[in-house]
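Okay, structure first, notes after.
The values are calculated or read from the model by the stated rules, or taken from the named source; none is laboratory data. Quick caveat, the model's predicted, so the values are computed rather than measured. Cβ: placed from backbone, ideal geometry, glycine included. Neighbour counts: every protein chain shown. We work out accessible area using only protein heavy atoms, side chains counted, and drop any ligands, DNA or RNA first. Shrake-Rupley method; radii C 1.70, N 1.55, O 1.52, S 1.80 Å.
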Amino acid sequence: MHAPATPPPVSSAASWPEGLVIRSATPIDAQQIADFHNLPGYRSGTLRLPYQSADEVRRYLEQPINGSMNLVAVVDDLIVGDIGLIRANGRRSHAAMVGMGIHDRYHRRGIGRALLGEVIAIADQWIGLHRLELTVFCDNQAAIALYQSFGFETEGVHRAFAFRDGAYVDAFAMARLRM
């Protein structure tokens with residue numbers, strides 16, 4: 001099978017790490033996505049359960065949620081990150097939820113910044129979204145700093161938000177408003 005075509009970036013790719021490609025996720029990517037979703041560091045920062053199968057990922061990519069966008073970051077033909085944008089509907093059609101993660105061995109290389117920048121550029125320049133929302137575990141300082149650098153602000157704390165490593169953990173509700 002051939003790799004999916006890579007469209008030109010929406011944001012400034014000049015600031016991306018060398019060799020990074022961002023493109024739409026496709027069902028062909030299911031195994032690679034499942035592989036890095038199952039890494040302990042990736043999984044610890046998300047709500048994913050262990051042992052996500054490639055078939056689960058494939059089904060999601062074949063029938064995405066209406067109004068959603070799923071992008072992957074690729075370095076040397078290896079998927080090293082992903083980000084999703086799920087648009088709300090009805091009276092919340094001005095808003096979307098963002099979720100992302102980076103491969104355990106590719107942290108601190110600018111990949112998360114490139115993915116988030118691309119999704120924000122799409123939200124601002126192509127969809128006209130007013131509000132982007134996300135949740136992040138309160139102990140994930142690197143992610144919080146990244147989100148803040150893009151204008152996300154903490155709006156509240158979800159106490160006992162999720163069960164992780166045998167204990168309940170809190171998460172911040174963060175949002176970015178485009179005026």
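Determine the per residue accessible area of the chain with all protein chains present and a 1.4 angstrom probe, expressed in square angstrom.
Per-residue accessible area for the chain comes out at 57 Å².
With the simple spin-label model, which puts each label point 7 Å out from Cα in the Cβ direction, the Ala160 to Arg108 separation comes to 3.5 nm.
Could you order the peptides 159-168, 37-46 from most to least packed, using the average number of other C-beta atoms within 10 Å per residue?
Peptide ranking by packing, descending: 37-46, 159-168.
The slack between Leu78 and Ala121, meaning 0.36 nm per residue of separation minus the straight C-alpha distance, is 13.1 nm. Taking every DSSP helix (H) stretch of at least 4 residues in the chain, weighting each as -39,500 (n - 2.57) and dividing the sum by the residue count yields a mean residue ellipticity at 222 nm of -6500 deg cm²/dmol.
With +1 on the Cβ of every Lys and Arg and -1 on the Cβ of every Asp and Glu, and nothing else charged, how large is the dipole of segment 36-179 about its Cα centre, in debye rounded to the nearest 20?
Using Cβ point charges on Lys, Arg, Asp and Glu, segment 36-179 gives about 300 debye.
A Förster radius of 25 Å combined with the Cβ-Cβ distance from Ala145 to Leu47 puts the calculated FRET efficiency at roughly 0.75. Summing +1 for each Lys or Arg and -1 for each Asp or Glu, what net charge is found among the other residues whose Cβ lies under 11 Å from the Cβ of Leu146? Once positives and negatives cancel, what remains is +2.
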